[in-house]
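Here is the structure we will look at, set down as structure tokens.
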Amino acid sequence: MNWYRRLEQRLESGHDSGVIRGTLSGGRMFMIWLAANLVVTTLLTGTLFVPGVDFATAVIVIIVGTLIGTIVLTLIGNIGTRTGLATMAITRGAFGAKGSFLPVAANVIILMGWSWVQAMLAGISVNYVVAQTTGFSNPILFSVLCQALVVGLAILGHEGIEKAEPWFALLILLVMAYVFVIAFTGHSPGEYAGIESLPELEFTPVLALDIVISTAISWTVLSGDLNRLAVTQKAGIVGSGLGYLTSTVLAMLLGLTAFSFILLDGGDPAEFDPTALAAEFGWALAIVIFLSVMATNTMVVYGMVNSVVGAQSRTKLKFLPTALILGAISIIGSTWLALLDQYTDFLTMIGAFFVPVFAILIVDYYMIKRGAYSPDILKDSGGLYSYTRGVNWVAVGVWVLGALASYVLTYAYPSPIGATIPSFAISFVAYLALSWCSRAKFAGTEHAHLAEGMRGTEEVRGAGEARES
């Protein structure tokens, strides 16, 4: 038996492609989430705030926005812990088995874009430092190498993630501490606090808050995938909540501080440009960026695979070949460096697509379905979640409404409070109002982890086969 067959057998036996009964403690979940969001895109997001707002205000916005976003992230992640389902499999409960293809398709596209952006940023950063040291420069080559290593880690499945992520987190934290020491020994905290905002940039604290919350939304697409690995709800909520909060605040503060450090030195760095930071901090920051991409993109590729594999139960796709195909696409796409110029539009697209989805899922699971999904959610047809030929048109309609609201409030009539909060509120209220009358249909469903329901079904089927024989 060759290596491919052995790896495929191990992944299938580990249930990477189905319902997972979690075994990880809160501490392990904390380390996984800590490594996951100590990521280059989050770090560079911190460079967007100063001098649009002053340094102290930016720090407050980062903390408050992350706290708000963490609430949504942990609520969705907790559904994964309670059911054993990945995030996109959870959408079957609200959208229907066929209706869920829409958020699944959107999720794969967006996660693929994330993997490209982060691999490019890592490649550019590593290339800059290597070019300064040796004179050799090939950013596309380094982007491809970074993403190829990511795919190698991702095909190991959740066991590979469990083993690798804590070590990534530890190494990243050590290097981040080194950068913070350089920054605050070079300039005092008072000097950073003295950086004044520039009103002419028309960048308000509320708009900055919207960006921070959008960052949490972009990560919520993976919250079910990761939190279903938790052994208990408490382990999942506390581990992911503290891990995401800690990693996001640290990463954004690092970007904010490094960018401010350059401003205080009289430089004029470009926002969301890793080379400007690498030029100032050298190998130290390049290592942070590289390791963060390894940690994060591993989970991004893993999330893409779970979305595709979990989309259909009847024609079961295998984890390994799906991972290899999507991984190959992600490696090829990492050569498209022009995508980096569209990052803010990309972040807007994520918000428009998924803010309404998560508002719908929270209402559907915790309020309409009373905190319980039955094993019917795994069926491709029939059962409680069949709706109209497999599609819940109420959920689809509210999703379209929320997405349109997000785009209108971003481009047509820019909202003074951003688009994320209004879009979430509109979708939440609309789905609750339109679905409230359906609560009685699901009143008899009692909460149970779906792994238990599946085991019970298999035991009944086995007993019936034994009687027939």
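The values are calculated or read from the model by the stated rules, or taken from the named source; none is laboratory data. These numbers come from a predicted model, not from an experiment. Neighbour counts are summed over all protein chains in view; Cβ atoms, including those assigned to glycine, are modelled from backbone coordinates with ideal geometry. Ligands, DNA and RNA are stripped out before the accessible areas are found, and what is left, the full protein with its side chains, is counted by its heavy atoms. Shrake-Rupley method; radii C 1.70, N 1.55, O 1.52, S 1.80 Å.
Observations
- Taken together, the criteria place residue 137 among residues that are surrounded by fewer than 19 Cβ atoms within 10 Å (Cβ to Cβ), closer than 17 Å to residue 282 by Cβ and either among the acidic types (Asp, Glu) or in contact with a helix residue (DSSP H, G or I) (Cβ under 6 Å, 6 or more places away or on another chain) (or both).
- One residue alone among 364, 380 is assigned to a helix (DSSP H, G or I) and among the acidic types (Asp, Glu), and that residue is 364.
- Screening segment 373-393 for residues that are of a type in the set (Ser, Thr, Tyr) and surrounded by fewer than 22 Cβ atoms within 10 Å (Cβ to Cβ) and picking the one that is farthest from residue 214 (Cα to Cα) gives 381.
- Scanning segment 330-340 for residues that are assigned to a helix (DSSP H, G or I), at pLDDT 85 or above and either among the hydroxyl-bearing types (Ser, Thr, Tyr) or surrounded by 15 or more Cβ atoms within 10 Å (Cβ to Cβ) (or both) yields 330, 331, 333.
- Number of the condition not met by residue 59 [criteria: (1) open to solvent by less than 10 Å² (accessible area, probe 1.4 Å); (2) part of a helix (DSSP H, G or I); (3) of a type outside the set (Asp, Glu)]: (1)
- Considering segment 408-424, and only residues there that are in a helix (DSSP H, G or I) and open to solvent by less than 50 Å² (accessible area, probe 1.4 Å), the residue that is nearest to residue 214 (Cα to Cα) turns out to be 420.
- Qualifying residue in segment 288-295 (condition: at pLDDT 75 or above, touching a Pro at 6+ places or on another chain (Cβ under 9 Å) and part of a helix (DSSP H, G or I)): yes
- Within segment 358-372, if we keep just the residues that are of a type in the set (A, V, I, L, M, F, W, C) and more than 14 Å from the chain's Cα centre (by Cα), the residue that is surrounded by the most Cβ atoms within 10 Å (Cβ to Cβ) turns out to be 360.
- Within segment 219-238, the presence of a residue that is open to solvent by 30 Å² or more (accessible area, probe 1.4 Å), modelled with pLDDT under 90 and outside any helix (DSSP H, G or I) is excluded.
- A Cβ distance below 7 Å, combined with a sequence gap of six or more or placement on separate chains, defines the contacts here; from segment 390-416, residues that are in contact (Cβ under 8 Å) with a residue 60 or more places away in the chain and closer than 25 Å to residue 104 by Cβ reach residues that are open to solvent by 80 Å² or more (accessible area, probe 1.4 Å) and in a helix (DSSP H, G or I) in the pairs 396/102.
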